[in-house]
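Here's the structure we're looking at; comments come further down.
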Amino acid sequence: MRYCINCCIHLLPNDLHRQCFRCRGPDHNNQKCPVCRGENKIPLYTDSKQMKWLAVLEVRTDHCESWNGLFCLRKGKLCSLMFGLIIMTLVMVSYILTGAKHGLLLIPSPFHYGAFASNPSLMDNESLSDMKDHYQPSKMNISYVKDYPSIKLIIDTITSKIEFITRQRPDLEELRKQEPHMFSVIPNKFLPNSKNPCWYEEYRGNTTTDPYATNSYALYSKRFRIIFDYLRKVFWNHLYHYKDKHYRLRCLPHFYIIGQPKCGTTDLYDRLRLHPDVRFSAIKEPHWWTRKRFGIIRLRDGFHDRYPVEDYLDLFDLAAHQIQSVLQSDEGKERGRRNNIIIGEASASTMWDNNAWIFFYDNSTEGEPPFLIQDFIHAFQPNAKLIIMLRDPVERLYSDYLYFASANKSAEDFHEKVAESLQLFEGCVLDYSLRACVYNNTLNNAMPVRLQVGLYVVYLLDWLTVFNKDQILVLRLEDHASNMRYTMHMVFQFLDLGPLSEKQEALITKSPASNTRRPEDRSLGPMLPTTKAILRDFYRPFNTKLAQVLFDDAFLWKRT
């Protein structure tokens, strides 16, 4: 197929292109030429067939005159224009595709219309954690009641896949292979005259040595440098001297407040701190077992240098100094007297957060972690006591959303995030076990709200595979709020703490509640009734199992 290079007309067998003005010589007369006078029309042919179904393209031989002298597009300008349009189109297509990939486009939410996909294709070949960072809520003003039937189908699918299968405990040798340094630092036996797992460790430094120079908590946490400055000043005075050697007392916690977030753990921590026999770590939530020992400072920042176990033990030096003082003062008077001070630690991530395992532990079975946090705690402290504070998982999730969401918070936005998270969770349980999905780091980072944290019974059953039931105290926030004196007495009895005076007890039980909802969050009001109904349906089978395990129907949360 050939074309005239001057007028871009298809060359026909009769050499029609000779009618083009630019193909003629200088003697061509426009006034006499029938083509220039408009008597002959030049049809556009494609494959030797005239285009009659759309229109007839009229091409005048004198282009400048056809535009009434305003301007004349020459070949170079026309090519430049076409090239610019192509570039602009490519840029727009690239922007649209990139925006769709990262969730930046203002497209209607898929959770209002149509069926739900069980395994969304937008997950393919992208980081699911980016979805959470870039998630933009829908601004559509529609009736959310329409969501319920579609989302109920998702919940029914999830419910049909629920199986509470007992996990296999790893043996001690497998744990040693995974954390050899930790096992080299923490001994097998502890001092008999202390409630806490404490032991003496030889200190080889001198009076000019800074024992906290490399402590990661001191280096990365500006708020706690004052504490470490104080510890440096008093460190040498609390060493135990024996046969020209110096020993420091090392301790692990006697008990752990292990969960759950937004369930009143801060309030319980603040009240327990007021007890004269209770000491806590220098930092309220070290998050060492779950995050810092893997090098996670903040989840969104990725991995850093791992915090060694020595850095974690440094956090209990304040308590160890007090225990050391009591032990030394009692040696000459009442040898063998048991020290009553107990140490606690209150990281609300300890119960549920095993997100880092996939980066450090191999040989997993069908996506399930081969080692959990409780495996290592039990290996060192088989007699540890654990306190769990729980709350209606529906209300917990909304409180969690209000506390951690940064902008555009609303009941409608919460509904959108719940719907998306349920869809993601459904896609996981269709292919993997319940435990694999609960401990799935990629899935957990992708869900806009932390649905998995409210699956209490999944975590509790895994803790019960390594600890005895009488070592775990499970409380409800609702009971704690309605009768604080009763719940605190339960805690004191569980920890074998001595009786208190009326004044001490009043100080603990009548102090204001800690970490209450912020005023600006209270102004947003409750969640939508449809959202609450959806979440009740989702959590119901897990709450039913929890009530069976604890032999307490209060954990069904039917009245809240």
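See the values below:
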| item | result |
| --- | --- |
| Peptide ranges 153-159, 257-263 listed from the most packed, as the mean C-beta count within 10 angstrom indicates | 257-263, 153-159 |
| Ordering of 316-327, 266-277 by burial proxy (mean other Cβ atoms within 10 Å per residue, highest first) | 316-327, 266-277 |
| Rounded Å value of the spacing that divides the Cα centres of the range 207-249 and the range 152-196 | 31 Å |
| Rough spin-label spacing in nm, given labels placed 7 Å along Cα→Cβ, for S329 and D229 | 2.8 nm |
| The range 268-329 - percent of accessible surface contributed by carbon and sulfur, probe 1.4 Å | 47 percent |
| Distance between modelled label sites at L274 and K469, nm, 7 Å Cα→Cβ extension | 3.3 nm |
| Packing-based order for 446-453, 549-556, using average beta carbon neighbours within 10 Å, highest first | 446-453, 549-556 |
| Distance in nm between pseudo-label sites at T209 and S160 (7 Å out along the Cβ direction from Cα) | 6.5 nm |
| Net +/- balance of residues flanking K292 in space, Cβ distance below 13 Å, scoring K and R +1, D and E -1 | -4 |
| Whole-Hz ³J(HN,Hα) from phi, Karplus 6.51 cos²θ - 1.76 cosθ + 1.60, for the range 225-241, glycine and proline x | 5, 5, 4, 6, 5, 5, 4, 4, 5, 9, 4, 5, 6, 9, 7, 9, 9 |
| Cβ-Cβ FRET estimate between K510 and H246, R0 fixed at 56 Å, reported to 0.05 | 0.80 |
| For V458, net neighbour charge (Lys/Arg +1, Asp/Glu -1) across residues whose Cβ lies under 10 Å away | +1 |
| Length added when fully stretched, N408-Y200, from 0.36 nm per residue minus Cα-Cα | 69.6 nm |
| Lys, Arg +1 and Asp, Glu -1 on Cβ, resulting dipole of the range 428-560 about Cα centre, debye, nearest 20 | 400 debye |
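The values are calculated or read from the model by the stated rules, or taken from the named source; none is laboratory data. Because the structure is predicted, anything quoted here is derived from the model rather than measured. Quick reminder, even Gly has a Cβ in these numbers, built from the backbone with ideal geometry, and neighbours come from all protein chains shown. Keep in mind that these areas ignore ligands, DNA and RNA; they rest on the heavy atoms of the full protein, side chains included. Shrake-Rupley method; radii C 1.70, N 1.55, O 1.52, S 1.80 Å.
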